[in-house]
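Peer 1: Quick one: this structure, given as structure tokens, is what I'll be asking you about.
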């Protein structure tokens with residue numbers, strides 16, 4: 001099985017050479033402005049300086065997926081775990097569009113596995129059978145919740161929980177240790193974010209139990225108890241889990257916690273850089289590219305808004321290579 | 001025709017067959033990695049080709065043992081003894097066992113090590129010399145098995 005991907009891994013090893021490393025990121029942080037950043041990126045093969053940056057990011061994402069499709073054309077569904085979040089984002093958009101009159105262009109993400117038009121149609125006509133089996137119940141519940149309560153936050157919570165659960169289950173079902181760890185980390189960090197936000201808004205335990213997705217590294221009952229008591233209680237609970245480091249970051253800010261989540265993901269995938277067999281290095285490459293795009297997006301936004309370099313450096317993510 | 005000759009011939013045939021199968025697998029595994037490496041960087045061709053070929057030697061060792069065995073039992077020169085005793089035939093088979101077992105295992109493992117070394121060269125071309133050492137270490141055991149089989153075949157031949 002592992003020998004099936006030897007060619008793919010060898011090609012990934014070649015491509016890893018063109019990933020942005022820490023020194024390029026430092027160069028981007030030290031650049032005088034957005035234009036200089038775009039010039040440096042252009043030298044590294046990213047888009048061209050005339051291209052709007054959002055267009056450049058889309059192009060880079062397309063390049064990554066085109067490369068992966070070339071490597072594993074027969075087993076692309078194993079990477080659906082990375083695209084499920086976009087599917088559930090689109091479900092959220094479709095539910096809202098079905099409940100609010102009018103057309104809202106630009107609210108659908110492009111990277112999902114499901115056709116946004118199909119989602120729109122299914123939700124508008126309440127034809128849940130047209131949706132994948134795992135999505136039917138959550139789509140029905142989210143639409144009914146929004147129609148009955150007009151509470152967009154509750155509707156979002158229902159779908160977000162389903163998204164986290166779907167990612168975790170897809171990771172486990174893949175049988176690939178890296179994807180299993182990815183699913184677990186996404187689910188756990190998603191729960192922590194929900195718990196902290198809910199604690200800040202003073203949400204009740206009943207809401208939390210609807211919003212938190214079960215995972216093996218966190219006890220959602222205890223997390224819900226803690227979140228209903230306040231943010232301090234959430235951090236105290238996290239101190240006793242494998243996410244103890246996250247508590248320190250949460251004390252700083254939610255942005256610091258987001259950075260910690262991304263860095264933790266990079267730490268999780270880093271061993272794959274020395275693994276010559278299996279699908280793990282291919283999956284790690286996808287995540288490394290996503291991390292790279294996210295980091296460049298942060299840097300360009302900071303340059304556009306004249307953010308001081310030292311503040312920017314605190315926000316950039318660790319790189320895979 | 002005695003069973004002795006049958007077993008002696010079986011030893012020679014298995015030595016060539018299992019070693020060849022192992023080498024084919026090892027070279028195949030390393031070849032996939034070599035192709036992947038060269039797709040984006042064709043300059044690496046000569047370096048990765050050497051690494052790909054390393055697991056091919058076990059097939060040659062198997063062939064060598066098969067030749068020696070066939071020649072000692074007289075099947076190559078036409079002087080084979082159709083009445084070779086069962087014990088002599090079994091001794092020839094036993095003499096081939098190190099090659100029959102060790103060569104395919106070492107070829108496959110050497111192929112896997114070559115894959116890792118190809119990744120190393122892909123990342124840093126200057127490590128080519130060092131990267132050769134790792135798969136070459138696996139060769140040691142293939143050579144040891146080859147030596148024992150050669151000594152054993154000549155020993156049996158001297159007894160017969």
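Any read-out appearing in this document is the output of simple, stated calculations on the displayed coordinates, not a laboratory observation. Predicted model, so just to flag it, every value in this text is computed and none were measured. Using ideal geometry, Cβ is built from the backbone for each residue, glycine included, and neighbour counts are taken over all protein chains shown.
Peer 1: Given the options A:188, A:124, A:211, state which has the largest fluctuation in a GNM of chain A using a 10 Å cut-off (strictly under) for Cα springs.
Peer 2: For chain A, modelled as a Gaussian network with Cα springs under 10 Å, the answer is A:124.
Peer 1: Further question on the same structure: What angle do you read, to the nearest 10 degrees and between 0 and 90, between the alpha-carbon axis of helix A:152-174 and the longest principal axis of chain A?
Peer 2: 60 degrees
Peer 1: Moving to a separate point now. Over the range B:3-159, what is the relative contact order in percent, taking alpha-carbon pairs closer than 8 angstrom and at least six residues apart?
Peer 2: Working: 270 pairs, mean separation 57.5, N = 157.
It comes to 37 percent, rounded to a whole number.
Peer 1: Can you sort A:7, A:182 so the residue with the fewest Cβ neighbours within 10 Å comes first? Numbers along the way, then the final one.
Peer 2: Details: A:7 19, A:182 25.
The fewest-first ordering by Cβ neighbours comes to A:7, A:182.
Peer 1: Let me ask another. Give the average, rounded to an integer, of partner chain Cβ atoms located within 10 angstrom of each Cβ in B:33-43.
Peer 2: 5
Peer 1: Partner chain Cβ atoms within 10 Å, averaged over the residues of A:115-127 - can you pull that number for me? Could you put the intermediate results ahead of the total?
Peer 2: On the way: counts 0, 0, 0, 0, 0, 0, 0, 0, 0, 0, 0, 0, 0.
Mean shielding by partner chains, rounded to a whole number: 0.
Peer 1: Between the range A:74-130 and the range A:134-200, how many Å separate their Cα centres?
Peer 2: 15 Å
Peer 1: Hey, another quick one. Across peptide B:112-122, how many C-beta atoms of other chains are within 10 Å of each residue C-beta, on average? Working shown, then result.
Peer 2: Numbers: counts 5, 1, 1, 6, 4, 1, 5, 13, 3, 1, 8.
The mean count of partner-chain Cβ atoms within 10 Å per residue comes to 4.
Peer 1: Using a Förster distance of 30 angstrom, determine the FRET efficiency expected from the C-beta separation of residue B:13 and residue A:74, and round it to 0.05. Provide the component values of the computation, followed by the final result.
Peer 2: Details: r = 37 Å, r/R0 = 1.25.
It comes to 0.20.
Peer 1: By its C-alpha gyration tensor, with a ≥ b ≥ c as the square roots of the eigenvalues, how is the range A:79-174 shaped: rounded for a/c under 1.5, else prolate for a/b larger than b/c, else oblate? Could the numbers behind the result be given before it?
Peer 2: Numbers: a/c = 1.74, a/b = 1.41, b/c = 1.23.
Prolate is the answer for the range A:79-174, as a/c is 1.5 or above and a/b outweighs b/c.
Peer 1: Let me ask another. Alpha carbon centre of the range A:276-315 versus the range B:1-56: separation in Å?
Peer 2: Here the answer is 43 Å between Cα centres.
Peer 1: Further question on the same structure: Rounded to the nearest 10 degrees, what's the angle between the helix A:177-201 long axis and the longest principal axis of chain A, both from Cα atoms, 0 to 90?
Peer 2: With both axes taken from Cα atoms, the answer is about 60 degrees.
Peer 1: Taking the beta-carbon count within 10 Å as an exposure proxy, list A:252, B:123 from fewest neighbours to most. Mind showing how you got there, number by number?
Peer 2: On the way: A:252 12, B:123 17.
Going from sparsest to densest Cβ surroundings: A:252, B:123.
Peer 1: What nm value, rounded to one decimal, do you get for the distance between residue A:21 and residue A:221 when each label is placed 7 Å out toward the C-beta?
Peer 2: 5.0 nm
Peer 1: Shape verdict for chain A, please, from the Cα gyration tensor: rounded (a/c under 1.5), prolate (a/b greater than b/c) or oblate. Walk me through the numbers on the way to the answer.
Peer 2: On the way: a/c = 1.42, a/b = 1.27, b/c = 1.11.
It is rounded, given that a/c, with a ≥ b ≥ c, falls under 1.5.
Peer 1: Compute the length gained on full extension between residue A:151 and residue A:124: take 0.36 nm times their separation in residues and subtract their Cα-Cα distance, giving the result in nm to one decimal.
Peer 2: Details: separation 27, 0.36 × 27 = 9.72 nm, distance 1.84 nm.
Extra length from residue A:151 to residue A:124 when fully extended: 7.9 nm.
Peer 1: Cα axis of helix A:133-149 to longest principal axis of chain A: angle in degrees, 0 to 90, nearest 10?
Peer 2: Once rounded, one gets 60 degrees.
Peer 1: Starting from the Cα of residue A:65, step 7 Å along the direction of its Cβ; do the same at residue A:137; then give the gap between the two resulting points in nm.
Peer 2: Label at residue A:65, label at residue A:137, 2.9 nm between them.
Peer 1: Arranged by the count of other C-beta atoms within 10 angstrom, fewest first, what order do A:14, B:131, B:117, B:46 take?
Peer 2: Values: A:14 18, B:131 26, B:117 29, B:46 9.
By the 10 Å Cβ count, ascending, the order reads B:46, A:14, B:131, B:117.
Peer 1: Continuing with the same structure: Which one of A:123, A:51, A:185 has the biggest mean-square fluctuation once chain A is modelled by GNM with Cα springs under 10 Å?
Peer 2: So, out of A:123, A:51, A:185, the one fluctuating most is A:51.
Peer 1: Something else: With chain A treated as a Gaussian network of Cα nodes joined by springs under 10 Å, which of A:174, A:228, A:18 yields the largest mean-square fluctuation?
Peer 2: Maximum fluctuation in the GNM of chain A, among the listed residues, is at A:18.
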